[in-house]
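Here is the structure we will look at.
Just so it is clear, none of the values below were taken in a lab; they were calculated from the coordinates. Just so we're clear, the structure is a prediction, and the values are computed from it rather than from any experiment. Cβ coordinates were reconstructed from backbone atoms using ideal geometry, including for glycine residues, and neighbour counts include every protein chain displayed.
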Amino acid sequence: MLIDVLAPYVKGGVTAGRTSNASMSDATNRVVHALEAFEGPDRPDAFMYNEASVAEVVHAVICGKPTLPDRSVPSVYAEMRVLAGVRGLPERVLSDAHKHVQEALVVAIDPLHAEAQDPGEWLCRMVKLWNELMQRLCMVQDMLRPVVVCADETDFDAACMNMLTRTCRATQSITVWEQGLYQVAEAARLGVSASQVDLRSLSAPKYLERALEIVRRVGTKVEPVVDEAHSFYRSYALQLYSGRANPPEIAHSMPVIHNWIMREQAWASWLGPDASVVDVVQDVIVRPHQDILSSAWPYLMETSEGTVGHAGPIPNSDSASAAAELRACYAVFDAACILPRLYEAMREYIQARVCALLQKTSDDVLIEHLITSQRTWHRLWWSCLQANTSMRHAIQDGFEAGLRGQSAHIAELLANYIDAELQKGRGLVDSSMPEACMDDVLFLFRCLHHKDLFEEYYQRAFARRLLLRCSASDDAERAVILRLKHECGPDYTRKLETMLKDMHLSDNLRSAFAEAGGASTPFEFEVDVLTQAHWPPFHDAPLILSSSMQSALLRYETFYHTCHSGRSLHWCHALGSLLVRADLGEAGVKDLVVSTLQAAVLLVFNARDVQTFSELEQATHMPLHELQRTLQSLACGPARTRILRKIPPGGEVRESDSFMVNEQLSNARRRIKLNQLQQRDSPEERRTSTEHVLMDRDVLLQASAMRVLKAHKLISHADLTTAVIEQVKSRFPVETAELKRAFERLIEKDCMERVDGDRQVYRYVA
């Protein structure tokens, strides 16, 4: 041994293998210093280096022997440090090491060549051996590091890798390498073993990377691999699209296709772009058959809805697999850059589902079902579709298309839904997530084509909530108005904001009236003063009030004129409400919450218990249809709210009927609410609202046309039509007949004129 030979030059006689690491380091340093003291022919170079010792170490490490020959790793490292300190020896030691590494690699790899094996099995074993040899070469390189650094050898690691590559290349022919790669690739694509050797380990990136690295280094051609992939995927496509494919079968194949794309992308990153098979998968399986693949989208969406349609865990494994298939389908289309086809499939699916909901669902729960469906699809969009913006637009476009035929009706239902949610003790205020609830409502609002109709219906419902004091809170009302303002601009909510302001001013007037002596009235009396131009045109009816009520109205008018001279008040009795205490005989005393019209009818019965229809009409001066409507609410409603009894009984009020107080009323409650009639629009009011909206549309079209004409002075009919539609499309859809009428009215008003000789061109008239 080296240290034993140099023992005379080291004080203490240090022997390799019997010292600690610290003492070994000291010993080697003393040896180096001793060698440097030698000059001339007596220098003991011949005794310092034993090539056989290096050969033993290299062969032992590379061939995987459990122990080194007669020494430890620290002792070998110490020997290399000693050799590195002698002039001329590092180069010699390194040259010998190269030779012995090559010899050891041949010895380690040669058994694979001798065994008759299947090519796939052989390649798998080669991968395993390659990994082991790489680790052993690292150990050899580490032990030789002192002489490598001293010899200024910078490519020793690369040299070892090249030796390993040459040895592997010489082990088998290129044909065997290619055949092994075919089998490994096929096993990975099929997910099964192609030979008796389990190839599942090759699916792990580190093993697969190493296998492909070997294939690339030994010079295996990749073109045959690509050709083989073509054949494999063509066979699968022929099997999948042979005419037997149905949506479930296509859906179940999506994870397989996606796994192939991901696997081929990984392979391409190691084999190089020339060997990329990703385009093969997409060009053979995906792109030519995108219509067939997208036909499975409705099935995937419908089966996946169970995963997010309710709170709690996924109901069953089928739903979970459906969600995975949905994610895989989106990923396949995304990888193939054909997402627009999927957008169309999503839009068509949403449209069909919305149309089905409109046909099968009653108006009472339609908005709730639409919101529930929207929430489900939004969660699927978030969890399975990577929150893609275009897919979100596809959902909204599908909603818009599905609602287009009934947009006007949906606008009314949506306004009524928000009205119910904003009433006391319900909805947005009591909800733990009001913002989320409003987001769902506003999504439907964005899908409406008739936003001006929604504005009209919402304004009427908003007015009733304010006047009947049934709004949950002013903060909730302001929050909704703020969201609508953000969606459609300040003009859209200007009237709503003014209505809230009127209620605030009415509160101030009420306090001032009380301080001025208004509290001296025989009953509690409150008045809301409204700006007529900003409130909806409510239907009113002439009415004769009792003397006490009439006196209270005159007193308030006198007070108001002292505060605002020159203004006039118009009383709208149909919007009023009262709390009346009634003695119903055997039924007892009840507190009735009624409208002003209902109260006027009930007060007539103070004179006589039985009244005819004509007598009630004469006493109240109410119009015929309004009196019938009021009596129907008092005598023909639910049994627990029938304050009057109709003679003869029936569900319709006729002029020949008589009425009397219902002393057999079966209602245990002391307080009975009867003014629900005020909270619903009558057919006449709906018709009036529609007419009002149409008039506003005509005015808006004329105003938009004038803005465009002022800007251009001279413009063609087509350009004017396009510009006007662009300005108003966010509020309502424009019909050609409506535009034509608006243009004709502007011509009649001398605001614009047709150019002589060209009736398709308009000129602005100042």
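Please label the shape of the range 515-588 as rounded, prolate or oblate, based on the square roots a ≥ b ≥ c of the eigenvalues of the alpha-carbon gyration tensor (a/c under 1.5 means rounded; beyond that, a/b larger than b/c means prolate, else oblate).
On the way: a/c = 2.54, a/b = 1.44, b/c = 1.76.
Oblate.
The trypsin sites (Lys or Arg not before Pro) of the range 548-631 that DSSP puts in a loop, and whose beta carbon has at most 14 other beta carbons within 10 Å, are R567, R608. Rg ratio for the range 685-764: its Cα radius of gyration over 2.2 N^0.38 Å, N being its residue count, equals 1.13. Just report the Cα centroid separation between the range 74-89 and the range 461-531, whole Å. What the calculation gives is 97 Å, centre to centre. Among R169, R494, a tally of other beta-carbon atoms within 10 Å of each Cβ gives an order, fewest to most, of R494, R169. Note on H409 and H393: the model spin-label points, each 7 Å out from Cα along the C-beta direction, lie 3.1 nm apart. The HN-Hα couplings worked out from phi for the range 526-543 by the Karplus form 6.51 cos²θ - 1.76 cosθ + 1.60 (θ = phi - 60°) are 10, 10, 10, 9, 10, 7, 4, 5, 9, 9, x, x, 6, 6, 10, 9, x, 8 Hz, whole numbers, x standing for Gly and Pro. In the calculated pair-distance distribution of the range 340-488, the portion above 21 angstrom amounts to 45 percent of the Cα-Cα pairs. Each of T493, T736 has some number of other Cβ atoms within 10 Å of its Cβ, and from fewest to most they run T736, T493.
When the listed pairs K360/K451; K360/K485; K495/K729; K485/K673 are checked against a 28 Å cut-off, the alpha-carbon distance exceeds it for K360/K485; K485/K673.
Put a dot 7 Å past the Cα of L500, heading toward its Cβ, do the same for D157, and the two dots end up 6.9 nm apart.
Classify the range 435-563 as rounded, prolate or oblate from the Cα gyration tensor: take a ≥ b ≥ c as the square roots of its eigenvalues, call it rounded if a/c is under 1.5, otherwise prolate when a/b beats b/c and oblate if not. It comes out prolate by the Cα gyration axes.
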